[in-house]
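Colleague: Take this structure, written in structure tokens, and hold onto it; I'll ask about it next.
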Amino acid sequence: MNILVLNCGSSSLKFQIIETDLELFEKNEDKQKAKGLIERIGSQSLVTYQATGKPAVKQATPLRDHRQALDHVIRWMISSEAQIPGIHSLADIHAVGHRVVHGAEHFTKSAVIDEQVIGGIEDCIGLAPLHNPANLKGIYAARELLGGGIPQVAVFDTSFHSTMPETSYLYALPYQLYRRHKIRRYGFHGTSHRYVAFRYRQLTGKTKEETNVITLHLGNGCSACAIKQGESFDTSMGMTPLEGLVMGTRGGDLDPSVIEFLAHKEGMSLSEIDALLNKQSGLLGLSGLTNDMRDLLDEEREHQDRRATLAIDIFAQRVKKYIGAYFAELGNVESIIFAGGIGENSPTVRRRILAGLEWLGVETDDNLNAKITGGKEGVISKESSRVKTFVIPTNEELLIARDTVRCVKDAPRRW
Ligand code: AMP
């Protein structure tokens, strides 16, 4: 089956076309056929398309909204210019898989989209006011342009974490606030943690029950997950993606009293503080330079910039702290797995995170660590290390495509 995977942001649309079915999935032979990105929807948009194995095509064109953007994608996909093998008309797209950020307690797994599922995603808007409306725009656009004959599936960032016990997901606030407003930890990056844990099982031959690992998704957004017997037991992001690790522009864990203090001292409104915590903190806030880890590492190397070093050190120490906490919670950690732009590409940051963990049985092989970058997969711990350390490039789109196939198989057409 050819699956169109869509990831819609407030002014962006990312897509991939992936050929997969239950057999290709079992053999790990799924094929990415094309990918692309449209940015700045709503003004002069920047469009990048790439059929696999061919050069990327870039253009600028005005696109009013997500519907127009998706229309543009579809026209390119089936055009003779794209020449995507097996894609000649709309009939060659067999299903659509959407990334949806927040599923709250409504969705514990991926779901074929119907009116009820749309209602459930709408109900979660209060918890993800920036993300869920954008995801819904993608769903409406796909429904309008592709019609009811093509099934669509919602894959939630939160659903992998629905297995967390109450002791992990409840905040120690008055309990009635959980009852009344569902204030709790939900966790995010679930598709990434789940993909990486599954790939780890493929690589090691472990069963789900034997999978007790810590997965670290370190990209522009960062989160850690304690996986017990193949299921999420605890994770660092909370009710929103703001909690936990230091990220590109989010600071992660913070004493909540800072918010009132800031309001008084800086005369800031709640929404200004929210923007400060989400967009001006983290690596960017600490360094005063950039949210991009690569640039910080360059600054440190070339100019010995003190605040660049400080930002990287705080980033690494926070990850180390969560690793320690998850060792304590899981008890028998057998592996630590790095993923995400930083986790997959930066031996330096990985080394800084893992330094000093030898007493926990984590021994890093510096040669292996240096070699595994740029999308490579492999072990970076010493042969003698009791706890193994892996780098496993994440592939959220592939997991969305595979879930879509699983959900639509036998599912009745519902609109
Ligand atoms: P992601 O959100 O997963 O795309 O990750 C983006 C982050 O990965 C940015 O902070 C990048 O600077 C970082 N990154 C990508 N490549 C490298 C690299 N070679 N070394 C260090 N950081 C990198």
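Colleague: Suppose we filter A69, A60, A91 for residues that are within 25 Å of I18 (Cβ to Cβ) and touching a strand residue (DSSP E or B) at 6+ places or on another chain (Cβ under 6 Å); which single one remains?
Modeller: Result of the check over A69, A60, A91: A69.
Colleague: To continue, here is another question. Tell me yes or no: at least one residue of the range 253-272 is touching a residue at least 40 places away in the same chain (Cβ under 8 Å) and hydroxyl-bearing (S, T, Y).
Modeller: No, because not a single residue in the range 253-272 is touching a residue at least 40 places away in the same chain (Cβ under 8 Å) and hydroxyl-bearing (S, T, Y).
Colleague: Since M268 meets every condition but one in (1) part of a helix (DSSP H, G or I); (2) more than 12 Å from the ligand (Cβ to nearest atom), which condition does it not meet?
Modeller: The one condition M268 does not meet is (1).
Colleague: Hey, another quick one. Can you tell me which residue within the range 168-182, out of those that are in contact (Cβ under 8 Å) with a residue 40 or more places away in the chain and open to solvent by 50 Å² or more (accessible area, probe 1.4 Å), is nearest to N220 (Cα to Cα)?
Modeller: Among those that are in contact (Cβ under 8 Å) with a residue 40 or more places away in the chain and open to solvent by 50 Å² or more (accessible area, probe 1.4 Å), it is Y171.
Colleague: What are the residue pairs meeting all of these: first residue in the range 228-239, first residue at pLDDT 95 or above, second residue part of a strand (DSSP E or B) and open to solvent by 10 Å² or more (accessible area, probe 1.4 Å), Cβ atoms under 7 Å, and 6 or more apart or on different chains?
Modeller: Hits for this filter: zero, empty list.
Colleague: Counting just the residues of the range 8-29 that are in a loop (DSSP other than H, G, I, E, B) and closer than 22 Å to V100 by Cα, which one comes out least open to solvent (accessible area, probe 1.4 Å)?
Modeller: T20
Colleague: Now, a different point. Examine the range 376-394 for a residue that is within 12 Å of the ligand (Cβ to nearest atom), within 26 Å of H98 (Cβ to Cβ) and either in contact with a strand residue (DSSP E or B) (Cβ under 8 Å, 6 or more places away or on another chain) or open to solvent by less than 30 Å² (accessible area, probe 1.4 Å) (or both), and state whether such a residue exists.
Modeller: Looking for residues that are within 12 Å of the ligand (Cβ to nearest atom), within 26 Å of H98 (Cβ to Cβ) and either in contact with a strand residue (DSSP E or B) (Cβ under 8 Å, 6 or more places away or on another chain) or open to solvent by less than 30 Å² (accessible area, probe 1.4 Å) (or both), one finds at least one in the range 376-394, hence yes.
Colleague: Out of curiosity, is S232 farther than 18 Å from Y322 by Cα, touching a helix residue (DSSP H, G or I) at 6+ places or on another chain (Cβ under 6 Å) and open to solvent by less than 70 Å² (accessible area, probe 1.4 Å)?
Modeller: no
Colleague: Looking only at strands (runs of 3 or more DSSP E) that lie completely in the range 41-110, which have at least 1 residues being in contact (Cβ under 8 Å) with a residue 12 or more places away in the chain and either aromatic (F, W, Y) or open to solvent by 60 Å² or more (accessible area, probe 1.4 Å) (or both)?
Modeller: 44-51, 57-62
Colleague: Same structure again: Please verify whether G356 is modelled with pLDDT under 95, assigned to a loop (DSSP other than H, G, I, E, B) and either surrounded by fewer than 18 Cβ atoms within 10 Å (Cβ to Cβ) or not aliphatic (A, V, I, L, M) (or both), treating the condition exactly as stated.
Modeller: no
Colleague: Return yes when R318 is basic (K, R), within 16 Å of the ligand (Cβ to nearest atom), out of contact with any Leu (no Cβ under 7 Å at 6 or more places or on another chain) and more than 22 Å from Y195 (Cβ to Cβ) and no when it is not.
Modeller: no
Colleague: Taking into account only those residues within the range 144-156 that are on the phi < 0 side of the Ramachandran plot and out of contact with any strand residue (DSSP E or B) (no Cβ under 7 Å at 6 or more places or on another chain), which is modelled with the lowest pLDDT?
Modeller: Among them, the one singled out is G148.
Colleague: Identify the residue in the range 191-212 that is in a helix (DSSP H, G or I) and open to solvent by less than 10 Å² (accessible area, probe 1.4 Å) and, among all such residues, is nearest to the ligand (Cβ to nearest atom).
Modeller: Ranking the qualifying residues of the range 191-212, first place goes to S192.
Colleague: Hey, any hits in the range 339-348 for a residue that's more than 11 Å from the ligand (Cβ to nearest atom) and either within 21 Å of R386 (Cα to Cα) or touching a helix residue (DSSP H, G or I) at 6+ places or on another chain (Cβ under 9 Å) (or both)?
Modeller: For the range 339-348, residues more than 11 Å from the ligand (Cβ to nearest atom) and either within 21 Å of R386 (Cα to Cα) or touching a helix residue (DSSP H, G or I) at 6+ places or on another chain (Cβ under 9 Å) (or both): absent.
Colleague: Looking at this structure, is Q152 of a type in the set (S, T, N, Q) and open to solvent by less than 40 Å² (accessible area, probe 1.4 Å)?
Modeller: Yes, satisfied.
Colleague: Further, regarding this structure: Counting just the residues of the range 271-291 that are surrounded by 20 or more Cβ atoms within 10 Å (Cβ to Cβ) and hydroxyl-bearing (S, T, Y), which one comes out farthest from the ligand (Cβ to nearest atom)?
Modeller: Of everything passing the filter in the range 271-291, S281 is farthest from the ligand (Cβ to nearest atom).
Colleague: Out of R250, R294, R306, report the one residue that is open to solvent by 50 Å² or more (accessible area, probe 1.4 Å), among the basic types (K, R) and farther than 26 Å from T191 by Cβ.
Modeller: Testing whether each residue is open to solvent by 50 Å² or more (accessible area, probe 1.4 Å), among the basic types (K, R) and farther than 26 Å from T191 by Cβ leaves just R306.
Colleague: Out of (1) within 16 Å of the ligand (Cβ to nearest atom); (2) in a loop (DSSP other than H, G, I, E, B); (3) out of contact with any Ser or Thr (no Cβ under 6 Å at 6 or more places or on another chain), what's the single condition that is false for T215?
Modeller: T215 satisfies all of (1) within 16 Å of the ligand (Cβ to nearest atom); (2) in a loop (DSSP other than H, G, I, E, B); (3) out of contact with any Ser or Thr (no Cβ under 6 Å at 6 or more places or on another chain) except (2).
Colleague: Listed residues K376, K382, K388; which is farther than 30 Å from K14 by Cβ, under 25 Å from the mean Cα position of the chain (by Cα) and among the basic types (K, R)?
Modeller: K388
Colleague: Given the conditions (1) assigned to a helix (DSSP H, G or I); (2) surrounded by fewer than 23 Cβ atoms within 10 Å (Cβ to Cβ), and given that L242 satisfies all but one, which numbered condition is not satisfied?
Modeller: Looking at each condition in turn, L242 falls short on (1).
Colleague: Count, please, the residues in the range 309-334 that happen to be farther than 17 Å from H217 by Cα, modelled with pLDDT of 95 or more and surrounded by fewer than 18 Cβ atoms within 10 Å (Cβ to Cβ).
Modeller: Of the residues in that region, 6 qualify.
The values are calculated or read from the model by the stated rules, or taken from the named source; none is laboratory data. Just so it is clear, the structure is predicted and the values come from calculations on it, not from any experiment. Positions of Cβ are backbone-derived with ideal geometry, glycine not excepted, and every protein chain shown enters the neighbour counts. When the accessible area is computed, the model is the full protein with side chains, heavy atoms only, and any ligands, DNA or RNA have been set aside. Shrake-Rupley method; radii C 1.70, N 1.55, O 1.52, S 1.80 Å.
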